[in-house]
Amino acid sequence: MVNLIVYILLGMLQGATEPIPVSSSGHILILQTILEKISEGVNIDFGTLAIITNFGSLIAIIIIFWNDIIALFKAFFSYIFNKQKRKETKKDYNYCLKIVIATIPAGVFGLLATKLDLLKTLEENVKFIGVTLIITAIFLYLIKDFKGKKAKEEITFKDAIIIGFYQMISVIPGISRSGATIVGGMFQGLKREVAFNFSFILYIPISIATSILGIKDLLEMSLSTASWILYIISTIVAGIFTYIFTKWFAKIVKEGKLIYFSIYCLIVGLLVITLL
């Protein structure tokens, strides 16, 4: 029963913190540290669970952006295979290329970090998470009044590369992926909604790769039926909460109220440093 409650809590935490700029991985480590301090009966592979529940978040994001994804796929392949439609599909085709380009830095750095265990020590250091949450708070504060002027079709390849490097930075534990990419987009002059949409479309390819690796690792493990049920429950919960919080976060971004997350990250970061 204790494990079931923890799995549900982790699913809720992953789902709620994945779309908003507060670092889902950082919050999972914080919860793990707290649970280890108050209970010795919790035996959970938090790292694997975080990767698996990410699949639930991915499904939720795909559902929310389904129409945009289908439109981009159609435009991309129409541009390649239908010369008559190249003029009308060129903007969306270029947008797809920019997504691909922006994915590369984090993809390459993520693979290197995994292969060489570059971030293993940091991933286990909860006080470092406190520091990175404060860094996130500072950047969110810096863009609190940014509005931007660039529309979707005005995103340049240079913008995509720079946003890609912001996403690469988010590989560091405690740095929010959505926060980093939205900050990067707004620093490049994108409108709030445009930065939001680019950030979440950009999330999909990275998350697909993460989910595939996570599911592969899970299939290689000898798990009981009960364990599978717990993983599935946690993933479903994560998907539901990601859907709810992404919709809510979209409104927050549109209204320019990212300062709330800056305050939250600052408070949590200070609490983690002083108490954990």
* Could you tell me whether segment 7-29 includes any residue that is out of contact with any strand residue (DSSP E or B) (no Cβ under 6 Å at 6 or more places or on another chain), aromatic (Phe, Trp, Tyr), part of a helix (DSSP H, G or I) and touching a residue at least 40 places away in the same chain (Cβ under 8 Å)? => yes
* To do: Note down all Cβ pairs under 6 Å where the first residue falls in segment 84-96 and is of a type in the set (Ser, Thr, Tyr), the second is in a helix (DSSP H, G or I), and they're at least six residues apart or on different chains.
  => THR89/ALA75; THR89/SER78; THR89/TYR79; TYR93/ALA75; TYR93/PHE76; TYR93/TYR79
* Asked: Could we say that ILE204 is closer than 16 Å to ALA50 by Cβ, of a type in the set (A, V, I, L, M, F, W, C) and assigned to a helix (DSSP H, G or I) here?
  -> no
* Go through segment 243-265 and give me each residue that's within 14 Å of ILE20 (Cα to Cα), assigned to a loop (DSSP other than H, G, I, E, B) and charged (D, E, K, R). => LYS257
* Structure fact -> Restricting segment 142-167 to residues that are farther than 29 Å from THR89 by Cα and either modelled with pLDDT of 95 or more or among the hydrophobic types (A, V, I, L, M, F, W, C) (or both), the one surrounded by the fewest Cβ atoms within 10 Å (Cβ to Cβ) turns out to be LEU142
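Yes/no per residue for (1) under 29 Å from ALA151 (Cβ atoms); (2) assigned to a helix (DSSP H, G or I); (3) among the aromatic types (Phe, Trp, Tyr); (4) modelled with pLDDT of 95 or more:
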| residue | (1), (2), (3), (4) |
| --- | --- |
| THR210 | no, yes, no, no |
| LEU218 | no, yes, no, no |
| MET221 | no, no, no, no |
| ALA226 | no, yes, no, no |
| THR235 | no, yes, no, no |
| PHE241 | no, yes, yes, yes |
* Structure fact -> Checking ALA71, ALA75 in turn, the sole residue that is over 19 Å from SER207 (Cβ atoms), in contact with a Cys (Cβ under 8 Å, 6 or more places away or on another chain) and at pLDDT 90 or above turns out to be ALA75
* **Residue under evaluation GLY239, criteria (1) closer than 25 Å to ASP68 by Cβ; (2) without any contact (Cβ under 8 Å) to a residue 60 or more places away in the chain; (3) in contact with a helix residue (DSSP H, G or I) (Cβ under 9 Å, 6 or more places away or on another chain); (4) of a type outside the set (A, V, I, L, M), criterion not met** => (2)
* Identify all residues within segment 86-99 that are over 13 Å from ILE155 (Cα atoms) and either surrounded by 15 or more Cβ atoms within 10 Å (Cβ to Cβ) or among the hydroxyl-bearing types (Ser, Thr, Tyr) (or both); write none if there are none. => THR89
* **Filtered residues of segment 138-180 (kept if of a type in the set (Ser, Thr, Tyr) and over 17 Å from ILE99 (Cα atoms))** => TYR141, SER176
* Could you list all residues from segment 214-236 that are surrounded by fewer than 19 Cβ atoms within 10 Å (Cβ to Cβ), in contact (Cβ under 8 Å) with a residue 60 or more places away in the chain and of a type in the set (Gly, Ala, Ser)? => none
* Does segment 168-187 hold any residues that are assigned to a loop (DSSP other than H, G, I, E, B) and either modelled with pLDDT of 95 or more or touching a Leu at 6+ places or on another chain (Cβ under 8 Å) (or both), and which are they? -> VAL171, ILE172, PRO173, GLY174
* **Counted residues, segment 104-141 - those being more than 27 Å from GLY256 (Cβ to Cβ), at pLDDT 85 or above and either hydroxyl-bearing (Ser, Thr, Tyr) or not in a helix (DSSP H, G or I) (or both)** => 1
* GLY164 being within 18 Å of ALA113 (Cα to Cα), assigned to a loop (DSSP other than H, G, I, E, B) and either among the polar types (S, T, N, Q) or in contact with a Gly (Cβ under 9 Å, 6 or more places away or on another chain) (or both) -> no
* **Cross-chain or 6+ apart pairs with Cβ under 8 Å, segment 148-174 first and touching a residue at least 40 places away in the same chain (Cβ under 8 Å), then acidic (Asp, Glu)** => LYS150/ASP159; PRO173/GLU123
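The values are calculated or read from the model by the stated rules, or taken from the named source; none is laboratory data. Just so you know, these numbers come straight off a predicted model, no measurement behind them. No Cβ is skipped: glycine too gets one built from the backbone with ideal geometry, and neighbour counts run over all protein chains shown.
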